[in-house]
Amino acid sequence: EAAAPRPSPAFLMDMMESREELSLAAGKRDAARVAALGAAMRGREQRALSALAAGLDGAAGDAQRIRAVLPLLGELRYYRRFLDEASAIEEDLSEST
């Protein structure tokens, strides 16, 4: 069984920093900052989806091309988790105002 696609260490560090920034914004109850971080992450997610689609387009049977875009699948998991967390924070902030 193949291992799940793993993002690069640099990507993981960047995501950790982004989540810390989200946590700080949530702690300060800064809804505008939480929304801005979510919007930026949605942009990153869309770029990864586009790159994945482009990399897979016509790649049937080309294992090297497919392997080259597999890390994007791992990145997408992190983007989705971040966006879910940002959405939950936004909901919490809107309910408490």
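Treating only the Cβ of Lys, Arg, Asp and Glu as charged (+1, +1, -1, -1), what charge dipole size does the chain show about its Cα centre? Round to the nearest 20 debye. The partial results should precede the final answer.
Values: 13 positive and 16 negative charges, 60 e Å.
Magnitude of the dipole: close to 280 debye.
Roughly to the nearest percent, how much of the accessible area of the chain is carbon and sulfur, given a 1.4 Å probe? Walk me through the intermediate numbers first.
On the way: 3470 of 6270 Å².
With neighbouring chains kept in place, the figure for the chain is 55 percent.
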Separation of the Asp14 and Leu70 label points, Cα + 7 Å toward Cβ, nm: 2.1 nm
Counting every C-alpha pair in the chain, the percent lying more than 19 Å apart is 48 percent
Kirkwood-Stokes translational diffusion coefficient of region 26-68, alpha-carbon pairs, 20 °C, 1.002 mPa s, µm²/s: 171 µm²/s
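DSSP loop trypsin sites (Lys or Arg not before Pro) in the chain with at most 11 other Cβ atoms within 10 Å of their Cβ, which ones? Please list the in-between numbers first.
Values: sites: Arg19, Lys28, Arg29, Arg33, Arg42, Arg44, Arg47, Arg65, Arg67, Arg77, Arg80, Arg81; in loops: Lys28, Arg29.
Sparse-neighbourhood loop trypsin sites (Lys or Arg not before Pro): Lys28.
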Within 14 Å, Cβ to Cβ, of Arg42, how many net charges do the neighbouring residues add up to if Lys/Arg are +1 and Asp/Glu are -1? -1
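Looking at region 1-90, which GluC sites (Glu not before Pro) are in a loop (DSSP not H, G, I, E or B) and have at most 10 other Cβ atoms within 10 Å?
On the way: sites: Glu1, Glu17, Glu20, Glu21, Glu45, Glu75, Glu85, Glu90; in loops: Glu1.
Here the GluC sites (Glu not before Pro) that fit, given the DSSP loop and packing criteria, are Glu1.
The values are calculated or read from the model by the stated rules, or taken from the named source; none is laboratory data. Keep in mind that this is a model prediction, so the values were computed, not measured. Using ideal geometry, Cβ is built from the backbone for each residue, glycine included, and neighbour counts are taken over all protein chains shown. Protein only, heavy atoms only, side chains kept; ligands, DNA and RNA dropped before computing areas. Shrake-Rupley method; radii C 1.70, N 1.55, O 1.52, S 1.80 Å.
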